[in-house]
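A short reminder: the numbers here are calculations on the coordinates, not readings from a lab. Not measured: the values here are computed from a predicted model. No Cβ is skipped: glycine too gets one built from the backbone with ideal geometry, and neighbour counts run over all protein chains shown.
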Amino acid sequence: MAEFRVFVSPFLCFLLLLPHPSHGGWFSNPKQRGSVLRLKSEDVDQVRFDPTRITQLSWRPRAFLYKGFLTHDECDHLIRLAKDRLHKSMVADNDSGKSMQSEVRTSSGMFLKKAQDDVVARIEARIAAWTFLPTENGEAMQVLHYELGQKYEPHFDYFRDKVNQQLGGHRVATVLMYLSDVEKGGETIFPNSE
C-alpha cells in the first residue's frame, strides 16, 4: 500500500461534483432525474487541456495530478477574489447537515459564486471537460487558506446526513487546485491509496 504526497500551498481551491443536478438548493438549471446531460459543443471547442500533463497517483481511490491546470494569472485572480472574504472554515454536521465549526478543520475559506465572472466560468468549463461531468453537477468553488499549523484531518468527501443528500446526493469527484506554493508542508495525503 503506497502513500502519495502532493506538495501544495497554503491557498487551495476546489470544486465538488455531484452525481446529478440538484432539484433546488445550491444548484441552478434543475433537470429531470434520468435525463442526459451533455456539454454544449461550443463549450467543448473552447476548452483545451493536455492529457500528457496528467499523472495517475492512485487507482483506489482514483487520484490524478494535472500539472499546469490553472495559469498563474488564474491562480492570482482566484486569490484576489477570496482574500478579503475569508472566514473560519466549517464542516457539515453528520446529523443535521448544518454548517458548524470544528477542530477537525482549522483553515479559513469562502465560496465563489458559480460562473461569478469569465475567469471562474472558464475554469468551471475546463473542469467539466476534464472530468466528463457537466458544470450543472458542480458545487460552487471554495477557496481555502491554510496558515502554518492549520489542517483538515482525514475525511471522506461524502455526506451521511439526509439534508445534503437531498441537495444533490453524494459527491462523485473532488477537484483540488493549488493556487500558491510553499517550501515545506501543505501536502494532501491519501493514506489508504493503492
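Calculated FRET efficiency, residue 118 to residue 155, Cβ-Cβ distance, R0 = 45 Å: about 0.85 to the nearest 0.05. Please compute the net charge surrounding residue 77, taking Lys and Arg as +1 and Asp and Glu as -1 over other residues with Cβ under 12 Å from its Cβ. Net charge around residue 77: -2. Under the shape rule built on the C-alpha gyration tensor, where the axes satisfy a ≥ b ≥ c, region 52-144 is oblate, since a/c reaches at least 1.5 while a/b does not exceed b/c. Past 24 Å, Cα to Cα, is the threshold; run 88/113; 88/151; 151/184; 67/88; 83/114; 113/184 against it and keep the listed order. The answer is 67/88; 113/184.
With the convex hull constructed from alpha-carbon coordinates only, region 84-186 shows a mean projected area of 7.6 nm² over all directions.
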